[in-house]
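This report concerns only the one structure given below.
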Amino acid sequence: MIIGLERSAVGTVVERTTRFTLLVHLPREEGYRHKATPKNGPALAGYGAITMKNALANSMAALPAQLTRSLTWDRGKEMSAHAKFRVETGIPVFFADPQSPWQRGTNENTNGLLRQYFPKGTDLSRWSAEDIDAVAHALNTRPRKTLGWRTPAEALNEQLLLLQQPGVATTS
């Protein structure tokens, strides 16, 4: 997840082998900055636990089952609804150790690339879901040295084609 001003955020899901990136639009909940916000009520900013769970579940549902075997997250409070996420989606959630960003290196690198599009110190809620999808498309069609100068979209397509062939094992 990348976080912006005014508790705005964009969730990031990166497939480890192909570097294919899925960005999760996290709009603010209805009632954000309203004077009658209930004390100790749910977080109405973009990355409250329930908002994150719902948006992530919707995004993960669009992916093929082969790509949704597990999810590794950092230890932020936005995933405190991980048990509900697991029950609703069947996707196990693992957590990186504290202060161990190297355990999620691909995601950390992708978040750095995303800062080219979403600079630090900006309100991320100003971008629409369509804008965020366009940024994901730009990242997924950008050749990567680590993929032999293929794009993540090409690598993902190859991976999915291999998974469809009966009796063929992958080496990754």
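Every number here is computed from the coordinates shown, using simple stated rules; none is lab data. Note that the structure is predicted; figures quoted are calculated from it, not measured. Note that each Cβ is placed from the backbone with ideal geometry, even for glycine, and that neighbours are counted across all protein chains shown.
How much of the DSSP beta bridge set in the chain is antiparallel, as a percent to the nearest 5? That works out to approximately 75 percent antiparallel. Residues considered: 139, 67, 22. Largest GNM mean-square fluctuation over the chain, using C-alpha springs under 10 Å, is found at 67. Calculated over the chain, the projected area of the Cα convex hull averaged across directions stands at 11.2 nm². Each peptide in 8-15, 68-75 receives the mean, over its residues, of other Cβ atoms within 10 Å, and ordering these scores from highest gives 8-15, 68-75.
Have a look at 119, 64, 101 and tell me which one the Gaussian network model of the chain (Cα, springs below 10 Å) gives the largest fluctuation. Comparing 119, 64, 101 in the GNM, the peak value goes to 64. Each label point was placed 7 Å from the Cα along the Cα-to-Cβ direction; for residue 142 and residue 100 their separation is 2.8 nm.
Taking amide H as placed 1.01 Å from N in the peptide plane, residue 150 has its amide H under 5 Å from the amide H of 144, each at least 5 places away in sequence or on another chain. Electrostatic tally near residue 68: other residues with Cβ closer than 14 Å to its Cβ, Lys and Arg +1, Asp and Glu -1, net +1. Put simply, the amide H of residue 123, placed in the peptide plane, has neighbours under 5 Å in 5, leaving out anything fewer than 5 places away on its chain. Between the beta carbons of residue 123 and residue 77, assuming R0 = 22 Å, the FRET efficiency works out to 0.60 to the nearest 0.05.
Coupling constants for segment 125-131 follow from the phi torsions by the Karplus curve (6.51 cos²θ - 1.76 cosθ + 1.60, θ = phi - 60°), and in residue order they are 6, 6, 8, 7, 4, 5, 4 Hz; glycine and proline get x. Annotation for segment 141-156 versus segment 1-24: alpha-carbon center distance of 18 Å. Of 3, 139, 92, which is farthest on the positive side of the dipole of the chain, counting Cα position, with +1 on Lys and Arg Cβ, -1 on Asp and Glu Cβ, and the Cα centre as origin? Looking along the dipole axis, the top candidate is 3.
Rounded to the nearest 500, the helix-only mean residue ellipticity at 222 nm of the chain stands at -10000 deg cm²/dmol, with each DSSP H run of n ≥ 4 adding -39,500 (n - 2.57).
Comparing mean-square fluctuations of 62, 83, 96 from a GNM of the chain with C-alpha springs under 10 Å, the top value falls on 62. Taking each residue as 0.36 nm, the span from residue 69 to residue 88 lengthens on full extension beyond its C-alpha to C-alpha distance by 5.5 nm. Applying a DSSP loop filter and a limit of 10 other Cβ atoms within 10 Å to the trypsin sites (Lys or Arg not before Pro) in segment 80-147 leaves 120. The stretch between residue 163 and residue 133, if pulled fully straight at 0.36 nm per residue, gains 8.2 nm over its current Cα-Cα span.
Placing unit charges on the Cβ atoms only, positive for Lys and Arg and negative for Asp and Glu, gives the chain a dipole magnitude near 380 debye about its Cα centre.
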